[in-house]
Structure formats: structure tokens, C-alpha cells
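What follows is a single structure, written as C-alpha cells, with notes after it.
The values are calculated or read from the model by the stated rules, or taken from the named source; none is laboratory data. As the structure is a prediction and not an experimental result, all values here were calculated from the model. Heads up, the Cβs are rebuilt from the backbone with ideal geometry, glycines too, and the neighbour counts pull from every protein chain shown. With ligands, DNA and RNA removed, areas are computed over all heavy atoms of the protein, side chains included. Shrake-Rupley method; radii C 1.70, N 1.55, O 1.52, S 1.80 Å.
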Amino acid sequence: MKKLFLLFILCITTIATKAQSGDAKGEWSGQLNVFGQKLTLVFLLDDENCTLDSPDQGVKGVPAKLERTETGIKVSVSSINASYEGVNKGDSITGTFKQRGVSFPLTLKPGTMKRNRPQTPVGPNPYQTQEVSFNNGDAVLKGTLILPQKYTKETPVVLMVTGSGLQNRDEEVFEHKPFAVIADALAKQGIATLRYDDRGFGESKGDLVNVTTEDLKNDALAGVELLRKQFKKVGVLGHSEGGTIGLILAAEGKVDFVVSLAGGVTSFEETLLDQNRWTLQQAGYSKDVTGRYCTVLKGLFDELKVGRNPAPANHNLPAELEQNLKMAQAQSSTPYMRYFLGLDLTGSLGKITCPVLALNGTKDRQVNCEENLNALRGGLAGQKEIKAMDGLNHMFQHCGTGDPSEYKDIEETFAPEALDIITTWLKKFK
């Protein structure tokens, strides 16, 4: 659930200008501070083909429009309803980023920031890769199939399903590529994988306006059915919402095994409230303000779940939190969020009879480790291996507090001990 922090659900856009001549060109970057969460933006300033990258979110090449002014530039990114206007300050561009009525300061400097990600696989690799495509109705999913050496139809294969929010096949965030790391490790141990871009992202196509988790589950099912044509033993490895989807498919009897990495099981509404509660506390808000905000947010969620859209109101909260509640209401009034808020798998766990490996980090601040693993321990009917990974966050990195703000600063993409557990468990199916 990486991208469901209601305090942090902001898509990105911006603009730029030239350092000294007023004719800035090439790559310029800066960090946007969104309620304490820093997001790096990179603009390719080109009069004909201006684009925006948000490497922290794995977003690249978003079309933008560049307009040069007497003092700097303006850049608009219509697809995300945002703009940035900046003034030339010598070796930087100082300006304001705006999106949906909310403004943030943003300073751009020439060049881009490269982060060290030592676990990202680098070829040549001792396995085959194939680009594949499969369909769920009008949705066209593009992905990468990795085939280990000497594979046969008896080779176990894993469909990899990303967490919530638009993600590419590597589940890339902050330049981390956890699915690429996992797929590489599994291939070297004789296990095949298929990972794919989410519908409407990367090379995949599909409706994002009316999509729900049910649709995403059916996208994954289409991938499973593709793999059934070539392999006998097909499972799902899912992270966060992807783990939830894997468990739903298992309850429907569609897969032979599941690896759930920080998969949500209990009430998703309560999960979102926990996320916001933690974020407010980390931002320094008092217990009273945090409690009142979450009470209002829960009331908003309850209304949205039954199809009502409450009228805007003032709740005597700090101005920035009142603004955030308006944003939360706008972003939650979608088919996806209405469906998501009602998810709770606890009642269907008894239907799962296939083997399940479930891992959660003890410092996960997005999906409660103890609560969700306990639900799996008590509810699963079949063979299960359930383990809390000490000191790991939602992304399965060794961390300090587990707060999402740490993800980008940690060089490790995926803890080796978690990777070893996954690999060892899946090798049982060979």
C-alpha cells in the first residue's frame, strides 16, 4: 500500500528556467516537500519535447508543456492537473508548484541526482527473458517472463503482482526495483517469473477511471491463465495489495501457492486510518489533533463506502489538515477507493487450501505486521509458513523507524534474509 497515504497522494508536475541566459535546457531537478515527504522531480527542458520524471515514484517521460517568460519559465502537465512557475536566480530556478489548489515551493538546479542501488541486477544474466502480452477484457498487460536454464513445464513459475498505486513491472519506487531483484534471485535458483506493468502504466493499457481491486485481481488472473499454458505449477508472489490479490486468487482456487509480502488481510479502512495516524504523529501533531483528524477521516470513509459524498465542512483542525481532508475526499470518491475501503479478507481465509508463505516486517508502518500475520495464523486452512521479519519496513529494507520517508535514503532494496526465505520456500515446488 505504498501510495495510499492520504496525506501523500499527490501526483507531480513542474516547470523550469535557465541559470543565467534565461534559456534553460536539458535536465533540471529539485525536491518537492509534500507534508514532510520529499519527492524528487526531474524536468527535461526542451521547447518541443518537454517531459517530467518522478524517479521516486518510478514515473518517467510524462509529457509537459514549456513556456518561457521574461524572468523564467512555466511548465504545465495537464495529465495530472498541475503546474510550476519559476524565476531565474542565477544557478537555480526558484518557484511554486501547484496542484488542485495546493501550492508548494520548489527550487530546481541543473542535472539529476543518482542514487546508489547496489542490488539492482546487471547483465549478462544466466537465464532467458521474453517480452509477453496478455489481456483482461480491454486491458492489455505487458510484461517480462524470465525462464531459468533448463526449464521445463514442471518448473514452478510465479506471477508477480505489485502493490497499490501505478507501478511498473519492477515495482519501482525511489529507484529501487524490488521485483527485478526478486525475479533475478529466483531465476538463478531455477524458478520462473512473470512480472508486468500495471494497467494504464508503462507499456500496459487499461481503464483507470472505473478500476477496482477486483479488476486488478482479474488482470492477475489473466496472467495466471497465460502461464498455465506453459507450466504445471503456477503461483503468485504479491507485495502489499498484490499480496492481498494473491490471497483472493487462492481463496478462489485459481493458484497453486502464494507468497504474500506485507499483504493486507484485515480491514483496509482501518489500515488507512493507521497509516494517517502514524504520519500525523511523525509530523509532530498532538494526540488530540491526530485523534480528531482520524475521527473525521473515518466518518468520511464510512460515508464513501455506502455511496454518499458528504458536503465540505470545517472541523476546527489546522488549516493544512482541513485542506488535506478536502484532498482525501476528492481522491477517495472513486470506484477504486470505495471498493478498497470495504476490503477485509478475514472471512475468506478458511477457503485457502494451497500452501502460503506470508512475511511482514516488524517495522512496517503501512500494513500492521502483528495484526495481519495473526489473522493469517488463525484463519488459513492449508499449509502455511508465517514469519515476522525483525527490523524490516514495508519494503523489506533494514531501517530506522520504518517511516516511508526513509525508503529513498536506504541503499538496500530487499533484505537478503527475506530473499533467502522466499527462494528456499519456492524451491520446494521444483
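Observations
- Filtering ASP184, ASP170 for residues that are buried (at least 18 other Cβ atoms within 10 Å of the Cβ), over 28 Å from LEU343 (Cβ atoms) and of a type in the set (Asp, Glu) leaves a single hit, ASP184.
- Any hit, region 126-136, residues being open to solvent by less than 70 Å² (accessible area, probe 1.4 Å), at positive phi and not hydroxyl-bearing (Ser, Thr, Tyr): no
- Residue match in region 402-416 (condition: out of contact with any Pro (no Cβ under 8 Å at 6 or more places or on another chain), among the aliphatic types (A, V, I, L, M), farther than 13 Å from LEU359 by Cβ and open to solvent by 20 Å² or more (accessible area, probe 1.4 Å)): yes
- Selection of strands (runs of 3 or more DSSP E) fully inside region 23-95 by the criterion of at least 2 residues being of a type outside the set (Gly, Ala, Ser) and over 29 Å from ALA283 (Cβ atoms) returns 37-45, 59-63, 65-68, 72-77, 82-88.
- Number of positions in region 372-420 that are closer than 27 Å to GLU172 by Cβ and at pLDDT 95 or above: 29
- Those strands (runs of 3 or more DSSP E) of region 97-173 in which 1 or more residues are more than 28 Å from GLU406 (Cα to Cα), touching a residue at least 40 places away in the same chain (Cβ under 8 Å) and of a type in the set (A, V, I, L, M) occupy 127-136, 139-148, 157-161.
- Residue match in region 344-367 (condition: within 18 Å of the chain's Cα centre (by Cα), over 30 Å from LEU426 (Cβ atoms), buried (at least 22 other Cβ atoms within 10 Å of the Cβ) and polar (S, T, N, Q)): no
- The set of residues in region 314-323 that are of a type in the set (A, V, I, L, M), surrounded by 11 or more Cβ atoms within 10 Å (Cβ to Cβ) and over 25 Å from the mean Cα position of the chain (by Cα) contains only LEU317.
- Cβ-Cβ distances below 7 Å connect the following pairs, each with a first residue in region 348-369 that is farther than 14 Å from GLY243 by Cα and free of Cβ contacts under 8 Å to residues at least 40 places away in the same chain, a second residue that is polar (S, T, N, Q) and surrounded by 20 or more Cβ atoms within 10 Å (Cβ to Cβ), and a separation of six or more residues or different chains: LYS363/ASN393.
- THR162 falls short of the stated requirement of being touching a Pro at 6+ places or on another chain (Cβ under 7 Å) and of a type in the set (Ser, Thr, Tyr).
- Residues that are part of a loop (DSSP other than H, G, I, E, B) and closer than 18 Å to ALA415 by Cβ within region 362-376 comprise THR362, LYS363, ASP364, ARG365, GLN366, VAL367, listed in sequence order.
- Qualifying residue in region 43-62 (condition: open to solvent by less than 20 Å² (accessible area, probe 1.4 Å) and at pLDDT 90 or above): yes
- Contact map, region 377-395: first residue under 16 Å from ILE410 (Cβ atoms) and surrounded by 13 or more Cβ atoms within 10 Å (Cβ to Cβ), second residue of a type in the set (Ser, Thr, Tyr) and modelled with pLDDT under 95, Cβ cut-off under 6 Å, separation 6 or more or different chains; pairs are MET395/TYR407.
- Hey, GLY111 at pLDDT below 90 and not basic (Lys, Arg) or not: yes
- Scanning region 93-108 for residues being open to solvent by less than 10 Å² (accessible area, probe 1.4 Å) and over 16 Å from LEU52 (Cβ atoms) gives a total of 0.
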